[in-house]
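In what follows, a single structure is set out as structure tokens and then discussed.
Taken together, the values in this text are just the output of simple stated rules run on the coordinates, not laboratory data. What you see is a predicted model, and the numbers here were worked out from it, not measured in a lab. A quick note on method: Cβ atoms are made from the backbone with ideal geometry, for glycine too, and the neighbour counts reach across all protein chains shown.
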Amino acid sequence: MSEEAPNLLLSERIRIALADEITTGQLAPGSALDEQQIGDRFGASRTPVREAIRQLSAVGLVEMRPRRGAVVSGVSTQRIIDMFEMSAEIEAMCVRLATYRMNPVERSRLAQLHEDSEAMVAAGDIDAYDRMNWDFHQTIYEGTHNAFIAEQALGLRDRMAAFRRTQLRGGGRPAKSRAEHGELLAAIMRGDGEEAARCMRSHMFNASLALERFTAGR
């Protein structure tokens with residue numbers, strides 16, 4: 001294995017941990033991110049730490065300030081709501097197109113992901129469910145067979161990934177999310193694009209509401 005691969009994996013682990021701490025409020029806006037302290041915490045050199053911070057900066061969770069280095073950005077509740085609203089419309093468009101354009105292999109993959117998620121919910125494995133959730137939605141993007149739309153959906157999802165992950169921490173949210181996926185999948189399998197789009201908007205609204213409730217109660 002090359003030296004780069006472990007660093008990439010470690011940078012991803014650091015990024016996810018810091019993103020979780022930012023979105024759950026453990027790291028408050030304005031908090032400085034000290035590369036040495038983070039490196040000591042994760043047993044990492046500065047290279048994966050800097051890569052993790054770079055990725056967080058790219059999605060707006062961290063900003064680089066002259067003479068202060070990396071600090072946690074302040075993302076308002078309204079900004080997050082706006083992002084979920086925009087995402088709901090893009091994802092609704094994606095699932096409507098995907099309903100009419102997905103081939104049998106893509107439909108089968110979506111159904112398999114949904115089936116696999118049952119055990120994740122039963123085990124309370126949020127990390128596994130979050131990864132599955134990413135794959136579930138990406139399969140829908142790819143099912144549009146429109147590279148530009150899929151690119152836009154993925155770009156917005158990257159920016160929102162930490163918030164979409166955090167909303168799964170609300171009480172019972174993974175089970176509710178899975179039930180909503182089931183409704184989406186049923187509409188896709190029936191070939192009802194308009195109903196699939198309606199289900200997706202509702203799914204995203206519920207995710208936004210779950211995040212709002214979780215952050216209000218922390």
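The table below gives the values:
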{"item": "Inter-part distance where the stretch 75-143 and the stretch 160-218 are each reduced to a Cα centre, Å", "result": "9 Å"}
{"item": "Between 0 and 90°, nearest 10: helix 104-123 axis offset from the chain longest Cα axis", "result": "60 degrees"}
{"item": "Loop trypsin sites (Lys or Arg not before Pro), the stretch 64-163, which have at most 14 other Cβ atoms in a 10 Å radius of their Cβ (DSSP)", "result": "R67, R68"}
{"item": "Relative contact order computed over the stretch 77-216 (Cα-Cα under 8 Å; 6+ residues apart), in percent", "result": "41 percent"}
{"item": "Degrees separating the helix 4-23 axis from the principal Cα axis of the chain, which is the longest one", "result": "80 degrees"}
{"item": "Neighbour-count ranking [beta-carbon atoms within 10 angstrom, fewest first] of V49, V75", "result": "V75, V49"}
{"item": "The chain: translational diffusion in µm²/s, Stokes-Einstein, Kirkwood Rh over Cα pairs, 20 °C, 1.002 mPa s", "result": "117 µm²/s"}
{"item": "Percent RCO, i.e. relative contact order, over the stretch 4-72, from Cα pairs under 8 Å lying at least 6 residues apart", "result": "39 percent"}
{"item": "Exposure proxy order (Cβ contacts within 10 Å, fewest to most) of F42, F148", "result": "F148, F42"}
{"item": "Radius 12 Å from Cβ of R15, net charge of other residues (Lys, Arg +1; Asp, Glu -1)", "result": "-1"}
{"item": "Mean projected area in nm² (Cα convex hull; one quarter of hull surface) for the stretch 135-208", "result": "4.8 nm²"}
{"item": "At 1.306 mPa s and 10 °C, Stokes diffusion of the stretch 163-206 via Kirkwood alpha-carbon radius, µm² per second", "result": "147 µm²/s"}
{"item": "Two-decimal Rg to Rh for the stretch 14-120 - Kirkwood Rh, Cα set", "result": "1.12"}
